[in-house]
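All remarks here apply to the structure that follows.
The values are calculated or read from the model by the stated rules, or taken from the named source; none is laboratory data. Every value quoted in this text rests on a predicted model; they were computed, and no experiment measured them. When we count neighbours, we look across all protein chains shown, and the Cβ atoms used for this are built from the backbone with ideal geometry, even at glycine.
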Amino acid sequence: MKKTFTLVMLLASFWGLTAQSTIPNSDFELWSYGKPVGWTVGLHGTLTSIINLPVEVNFGTQSNEAHSGNSSVKLVSSDFSIPYTQFNFNLPGILQAGESEGFSIPLEDILAIIQAIQDTTGTPGLDPDNLAAMSSLLQLLSKGVPCSTVPASVTAWVKYQPQEGDQLMMFAVAKKEGMPISYNYGVFQTDNPNSYQKIGIDFDIPNAECDSIMIIILSSTMMNSSSVLYVDDIALEYSGVGIPELEDFDGKIYPNPASNQLHIQPDNENVYEWTLTDMSGKILQTGKTSGKAILDTRSYATGMYLLQIKTDNKISTHKVSIR
């Protein structure tokens, strides 16, 4: 387990993207050519040598066993073979946020790793500590998704049918300008293999500025696993559920995250103005009232928004999450 974390952490430290606060196709309803749009469910690329060798392995397929909507991702282990060699490995199913552009890795690097492993163990196998030593293998993973603020947590709904003793793994790292600033990982074995359950991991430094988040889910922590994992409805959660007290506003704004409605509940009956914008500053709603205001948020995409409240003596701005 520690070796798996070492590999993923090193790989995750490589990539960086531009700012945004949503996960495209987080409910896995959009598919193209058998793959979920905005996600990577396999490894593909070229092993370069005298003759370039194309390699590809797919771990994920579309399933109608969904937590919500019509589809989810079904992850299973799959064989990864090196053409024209005797080497074949069964790797855990990998789901990655963002679309991979593929990799280009010298065949000699792969063979050197295999030789090093054989010298140590006597049998071929994939040891993440050996893989991490090869910087070119950083290209195996996708670049992640953009973000602007580190969320409190990453959650997903999963239905897990594990091989005995197996566990699934979730890993996430938030970065700014290519450097990791907050991360966490967790391993899970759900109670009921026939129903969806919610899992999640908390970031160690929430609310910090970021520009990208890498999210990786593995169907197994073992090689040659027969475990089956269904994944649906992945979300970034920016605050705890409930009614948070806001220090710079005499009242409450709830729920946060919001789904259908966002409530503004002042502690008095004074007149105030409110404006809801997206993270680019585009005005979505505005109003002027006293007492409680209820904003309809059903038509907005999952992500972060800004709510500005103006009274006679101050203006306060609050980040709100819609899911």
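Condition (residue is among the aromatic types (Phe, Trp, Tyr), surrounded by 15 or more Cβ atoms within 10 Å (Cβ to Cβ) and modelled with pLDDT of 85 or more) applied to segment 301-321: is it met by at least one residue? Before you say what the answer is, go through the steps one by one.
Going through segment 301-321, the residues among the aromatic types (Phe, Trp, Tyr) turn out to be 305.
Those still in the list that are surrounded by 15 or more Cβ atoms within 10 Å (Cβ to Cβ) too: 305.
If we keep only those that are modelled with pLDDT of 85 or more as well, we get none.
So far as segment 301-321 goes, no, none of its residues is among the aromatic types (Phe, Trp, Tyr), surrounded by 15 or more Cβ atoms within 10 Å (Cβ to Cβ) and modelled with pLDDT of 85 or more.
One residue stands out among those in segment 156-190 that are small (Gly, Ala, Ser) and over 20 Å from residue 235 (Cα atoms): the one that is modelled with the highest pLDDT, which is 165.
Being over 26 Å from residue 234 (Cβ atoms), in the same structural domain as residue 226 (by TED's automatic domain parsing) and in contact with an Asp or Glu (Cβ under 7 Å, 6 or more places away or on another chain), is that true of even one residue in segment 66-88? Yes: segment 66-88 contains one or more residues that are over 26 Å from residue 234 (Cβ atoms), in the same structural domain as residue 226 (by TED's automatic domain parsing) and in contact with an Asp or Glu (Cβ under 7 Å, 6 or more places away or on another chain). Annotation: residue 138 fulfils all but one of (1) part of a loop (DSSP other than H, G, I, E, B); (2) modelled with pLDDT under 90; the unmet one is (1).
Of all residues in segment 181-207, those satisfying the criterion of being surrounded by 17 or more Cβ atoms within 10 Å (Cβ to Cβ), in contact (Cβ under 8 Å) with a residue 40 or more places away in the chain and of a type outside the set (Val, Ile, Thr) are 183, 185, 196, 200, 203. For segment 272-316, the set of residues classified as outside any strand (DSSP E or B) and either more than 24 Å from residue 151 (Cα to Cα) or of a type in the set (S, T, N, Q) (or both) consists of 280, 291, 292, 297, 299, 302, 311, 312, 313, 314, listed by residue number. The residue pairs whose first member lies in segment 255-267 and is under 11 Å from residue 323 (Cα atoms) and surrounded by 19 or more Cβ atoms within 10 Å (Cβ to Cβ), whose second member is aromatic (Phe, Trp, Tyr) and at pLDDT 90 or above, and whose beta carbons are closer than 6 Å, counting only pairs six or more residues apart or on different chains, do not exist in this structure. Looking at segment 167-236, the strands (runs of 3 or more DSSP E) lying wholly inside it that each contain 2 or more residues that are over 14 Å from residue 92 (Cβ atoms) and of a type in the set (Gly, Ala, Ser) sit at 168-176, 179-188.
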